[in-house]
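S.K.: Would you mind keeping the following structure in view while I ask a few things?
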Amino acid sequence: ANGYYYSRWTKCIWSSHDLSDMVYIDNYIFNKDVYIQFNSTVGKYVGYTEHGVYNAQRFNNNTGQLEGERGQVERYCKHNAEIDQSTIIGKS
């Protein structure tokens, strides 16, 4: 709208079958640049622009929001990875 582009991408990254190295990443993107990122390895939001730093501090002070993001590795990533892995193994 009006030449501005906002999106939010989440992804799960892992390389072992036991899912012990899984990382959850939540990117907030404006005009194709990440301005805030939550990384489960870091355990908090990091801002990459002035606006992003301001909002990352706000998000990090909201304990409910922060705990919700931290829990996504178990709720979202591992849950879906286990389904994906069982589907792949079942077809071989």
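S.K.: In whole percent, how big is the carbon plus sulfur part of the accessible area of the chain, probe 1.4 Å, protein atoms only?
M.R.: Here it works out to 53 percent.
S.K.: Of V34, Y4, A81, which is farthest on the positive side of the dipole of the chain, counting Cα position, with +1 on Lys and Arg Cβ, -1 on Asp and Glu Cβ, and the Cα centre as origin?
M.R.: Of the options given, the answer is Y4.
S.K.: In degrees between 0 and 90, to the nearest 10, how far off the longest principal axis of the chain does helix 79-90 point, with axes built from Cα atoms?
M.R.: 30
S.K.: Given a 1.4 angstrom probe, what's the average accessible area per residue across segment 18-73, in square angstrom?
M.R.: The answer is 55 Å² per residue.
S.K.: Further, regarding this structure: Is the C-alpha gyration tensor of segment 2-91 telling us rounded, prolate or oblate? Criteria: a/c under 1.5 is rounded; beyond that, a/b larger than b/c is prolate, otherwise oblate.
M.R.: Cα axes put segment 2-91 in the prolate bin.
S.K.: Right, next: Helix 50-61: angle to the longest alpha-carbon principal axis of the chain, degrees 0 to 90, nearest 10?
M.R.: 60
S.K.: Would you mind finding the longest exposed-site-free stretch of the chain, with exposed chymotrypsin sites (Phe, Trp or Tyr not before Pro) meaning DSSP loop and at most 13 other Cβ atoms within 10 Å?
M.R.: Between the exposed loop sites, the longest stretch runs 6-92.
S.K.: With every protein chain present, what accessible area does I29 have (1.4 Å probe, heavy atoms only), rounded to the nearest 10 Å²?
M.R.: The accessible area comes out at roughly 10 Å².
S.K.: Going by Cα centres, segment 1-31 and segment 65-82 are how many Å apart?
M.R.: The distance from the Cα centre of segment 1-31 to that of segment 65-82 comes to 12 Å.
S.K.: Another question, then. Dipole size in debye (nearest 20) for the chain around its Cα centre, Lys and Arg Cβ +1, Asp and Glu Cβ -1?
M.R.: Taking the Cα centre of the chain as origin, the dipole is about 180 debye.
The values are calculated or read from the model by the stated rules, or taken from the named source; none is laboratory data. Since this is a predicted model, take the numbers as computed values, not measurements. Cβ atoms come from the backbone with ideal geometry, glycine included; neighbour counts cover every protein chain shown. Accessible surface areas use protein heavy atoms only, side chains included; no ligands, DNA or RNA. Shrake-Rupley method; radii C 1.70, N 1.55, O 1.52, S 1.80 Å.
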